[in-house]
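**Q** Following this message is one structure expressed as structure tokens.
The values are calculated or read from the model by the stated rules, or taken from the named source; none is laboratory data. Predicted model, so just to flag it, every value in this text is computed and none were measured. Here the Cβ positions follow ideal geometry from the backbone for every residue, glycine too, while neighbour counts run over all protein chains shown.
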Amino acid sequence: MNQATAPDRQEDNPLRDVRDRRLPRVPDPCALVIFGVTGDLAQKKLIPAIYDLANRGLLPPGFSIVGFARRDWTAEREFAALVAHAARTNARTPWRDEVWARLAAHLRFVNGSFDDDEAFKALAAMLDGLAADGGAGSAAFYLSIPPSSFPTVLDQLNRAGLGEAPRPGGWRRVIVEKPFGHDLESARRLNTSIDQVFAPRDVFRIDHYLGKETVQNILALRFGNTLFEPVWTSHFVDSVQITMAEDVGIGRRAAFYDSVGTARDVVQNHLLQLLALIAMEEPTSFDPDAIRVEKLKVLRAITLPGDIRLHTVRGQYTAGWVAGEHVSGYLSEPGVPADSTTETFVAIRLGVQNRRWVGVPFYLRAGKRMPRRVTEVAIIFQRNPHLPFDPADVEMLGNNQLVMRLQPDEGVTLKFGSKVPGTTMEVRDITMDFQYGESFTEASPEAYERLVLDVLLGDRTLFPDASEVEASWQVIDPLEEAWAQTRPEPYRAGRWGPHAAEELLASEGRTWRRA
Amino acid sequence: MIGLWDTTGDAVVKALSQERRSAGGVATGLALTLVVVADEPQVRAAEAAATIAAAAHPCRLLIVMRSDETHPRSRLDAEVIVGGRLGPCEAAVMRLLGPLAAHPESVVMPLLAPDVPVVTWWQGDPPERIATDPLGIVAERRITDSARAADPIGTLRARAADYVPGDTDLAWTRLTPWRALLAGVFDTSVATPRQALVTAPSDDASAALLCGWLSARLGIECQVTPGESDHLTAVTLLLAEGGRLSVTASGGHATLASSGCPDQLLPLTARPLGEELAEELRRLGPDQVYAEALAAATGITSLPPRGGSRMRTWQEAG
């Protein structure tokens, strides 16, 4: 909760009580303005998430959705049909006509291109009109648009005076999707141009990974229990492996992906955020700023390998078989130049330079066209320094592991040794499995649902801020620099990356966990 | 599924662990045990509700059906189901006959999952004092349903007299959508109410609790006035500044009317019993807000506060 963002009228509400956990928190009356409402993300994630929120009764009365796009829609009816279709096909919760009717009554559409001053004036007038109906003119702008259009749209918002709420108690917020720039310099430029329009506390950078229940559970697991924190140090931890594998290729995103590559696409944001959550010290409170302070300390303490080329691996998939289907190689994907040197796989060895983590390698790997889709964080503990057993008895005993699986099958597993029933003292690894879906199958809200609601409530806990983004680029930039002019190593689609990734760990006496 | 006729509690325990093994890994991360005390004629409704609740909170589900207590001989029939028709839970549905029907705890106790919270739900009339009922003592949370009683208001009074932290009532659960709506109104309005009127039949337990809640939170007088419908239909707040604010329910939504503002449509849908039960299973701590509302609704103000020690006297029943 962040009291600083908006005057919290819910605090003074006599009917609310912190002990009353049944009542949901509902945002103040507001509007959500979506730029790029016809895009894939808006259709597949954003609009369904809004419908689901409405269905769960978490949106304020009179909540408006305003679409901004260049379409010759003569009537708002066509926009409504598009939104209805998106909600109906992709929503998580069942379709209810009365919920839709309430949402549909407040749908607005503005037709225009991003360089059209008149369209932004119309948008400003429309938001003023909505404010006249009793609200404070609060609105969030969702920029679901290519990064190249950011400066134009931000300029326009500024020129039309949309960055500030017209009435006291209201707010104007902006929601930005990744990529947050493509290197430190561009990220700084982007941050500066956003800052010209919006106050830093009103900027929400969506990293949808952080909206996942299991990612938030990392903090609960670490700071809510006594069992794990004492061993969460280099005294007990041998290494940490963070894996984000996708079985899909780049699909139709060639134009975007080829200019970016895996490191910028997912390591800079998702993997480094995960690393920060795993490695951070305990925050003084669960206040967003307190958490950010700790995350930032970790991000700034990250060390790169001395010889980057030796301790990092880039890969690029070639044709192969994935999940029973033959798939083409990266270079044959439509839209990819035949001589592309963009990576589709990276494995990196990082360190965290502080007392807790000195000497513990953090192995990060991410890739496309891996054997299966899985994201997990594995804490690999050190071997017991002395085993009072016959070496033959503990042949099958490995390192203890604590694994947080973020998707799919969200859960936590703990791997430890146990005696095999029988007359010999044979100790073998077994896995204790906690699956989220089993203990709490209550359908977990989609990440976007949670994040959109948090934006409207002004809660910044799950959103990285400019300094975090810049600190992560400071990790990525030297890597990209060292990789320039090199070619990624080919790996066959459906494998866990190039052989060099195995060697990266093997050279230090370790192996990747089969995720 | 294992069906056991004229069996013993031991056999049920064994059957449950056998079914768990053969089902292979179902419900390994058990979060709670839900004990349902059902009456035979309504057992299907109880099962349906428990199935919905179990979908949200995988649990060990123990349904105890008290059948003919006058039967001369004690008898226990049981059905053990793991991950079957009752959803993602491991369940034992037990029918108790004869003198045994007065001692359901004797078959329930050995079946409770170790060291996880227990929730007991009395589908029909709860025992007069749930705090000392054997199935109430073992439970972290005790769920009753005053609305189903012949005398709902009298039952509420009994609940207040008997209250211990961890008690809750489905008549209160049913109010959550109403309370969310009303609280939402005060998020944006600075109006000061001076009197509240709840339109509902005078013997509606939920309406009485809503009144209790409003008067406890707002420090104002609240009255239930009968309307045309046989359930809670409207809440009106008379404001100190003059004017009024009313929320009226009609088919799936509610209309918020406030002097000087256009009417607003808000969501307000009735939920199936199972979803209400699932809401109760979501948080297992004592519900102090309920205690305050119950105290205000019944005028019994000495409800024990949070952390009050629970009476653990076992009473010999029948």
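**Q** Can you tell me how many residues in region A:131-178 are on the phi > 0 side of the Ramachandran plot and surrounded by fewer than 20 Cβ atoms within 10 Å (Cβ to Cβ)?
**A** 3
**Q** Then there is this: If I ask for residues that are in contact (Cβ under 8 Å) with a residue 40 or more places away in the chain and either under 14 Å from B:GLU90 (Cβ atoms) or among the small types (Gly, Ala, Ser) (or both), which ones from region B:56-80 would you list?
**A** Hits for region B:56-80 are B:ALA56, B:HIS57, B:CYS59, B:ARG60, B:LEU62, B:ALA78, B:GLU79, B:VAL80.
**Q** Under the condition of being of a type in the set (D, E, K, R) and surrounded by 20 or more Cβ atoms within 10 Å (Cβ to Cβ), which residue from region B:188-218 is farthest from the other protein chains (Cβ to nearest Cβ)?
**A** Looking at the filtered set, the residue picked out is B:ASP204.
**Q** Hey, another quick one. Among the listed residues A:ALA515, A:ALA506, which satisfies the condition of being of a type in the set (A, V, I, L, M, F, W, C) and either surrounded by 15 or more Cβ atoms within 10 Å (Cβ to Cβ) or under 21 Å from A:SER259 (Cβ atoms) (or both)?
**A** Of the residues listed, the single one that is of a type in the set (A, V, I, L, M, F, W, C) and either surrounded by 15 or more Cβ atoms within 10 Å (Cβ to Cβ) or under 21 Å from A:SER259 (Cβ atoms) (or both) is A:ALA515.
**Q** As an exercise: evaluate B:GLY274 against (1) surrounded by 13 or more Cβ atoms within 10 Å (Cβ to Cβ); (2) within 12 Å of chain A (Cβ to nearest Cβ) and give the number of the one condition it does not meet.
**A** (2)
**Q** Could you say which residue among B:ASP162, B:ASP145, B:ASP151 is more than 14 Å from chain A (Cβ to nearest Cβ), of a type in the set (Asp, Glu) and either touching a Leu at 6+ places or on another chain (Cβ under 9 Å) or within 17 Å of B:ARG283 (Cα to Cα) (or both)?
**A** Unique residue meeting the criteria: B:ASP145.
**Q** Follow-up question, since we're still on this one. Take residues that are over 24 Å from A:ASP247 (Cβ atoms) and either in contact with a strand residue (DSSP E or B) (Cβ under 8 Å, 6 or more places away or on another chain) or at pLDDT 90 or above (or both) and tell me which of the strands (runs of 3 or more DSSP E) falling wholly in region A:379-495 contain 2 or more.
**A** A:411-419, A:427-435
**Q** Let me ask something else. Have a look at A:THR233, A:THR214 and point out the one that is touching a residue at least 12 places away in the same chain (Cβ under 8 Å), exposed (fewer than 14 other Cβ atoms within 10 Å of the Cβ) and of a type in the set (S, T, N, Q).
**A** A:THR233
**Q** Just checking, how many residues over region A:25-57 are part of a helix (DSSP H, G or I) and of a type in the set (Phe, Trp, Tyr)?
**A** Number of matching residues: 1.
**Q** Test each condition in (1) within 19 Å of B:THR173 (Cβ to Cβ); (2) crowded, with 17+ Cβ neighbours inside 10 Å; (3) within 12 Å of another protein chain (Cβ to nearest Cβ) for B:LEU237 and report the one that comes out false.
**A** (1)
**Q** Looking at B:CYS261 and the list (1) within 15 Å of B:VAL185 (Cβ to Cβ); (2) among the hydrophobic types (A, V, I, L, M, F, W, C); (3) within 11 Å of another protein chain (Cβ to nearest Cβ); (4) touching a residue at least 12 places away in the same chain (Cβ under 8 Å), which single condition is not satisfied?
**A** Looking at each condition in turn, B:CYS261 falls short on (4).
**Q** On to the next question. Just for strands (runs of 3 or more DSSP E) wholly inside region B:1-96: which have at least 1 residues that are touching a strand residue (DSSP E or B) at 6+ places or on another chain (Cβ under 7 Å) and within 22 Å of B:VAL116 (Cα to Cα)?
**A** Qualifying strands (runs of 3 or more DSSP E): B:33-39, B:60-66, B:75-82.
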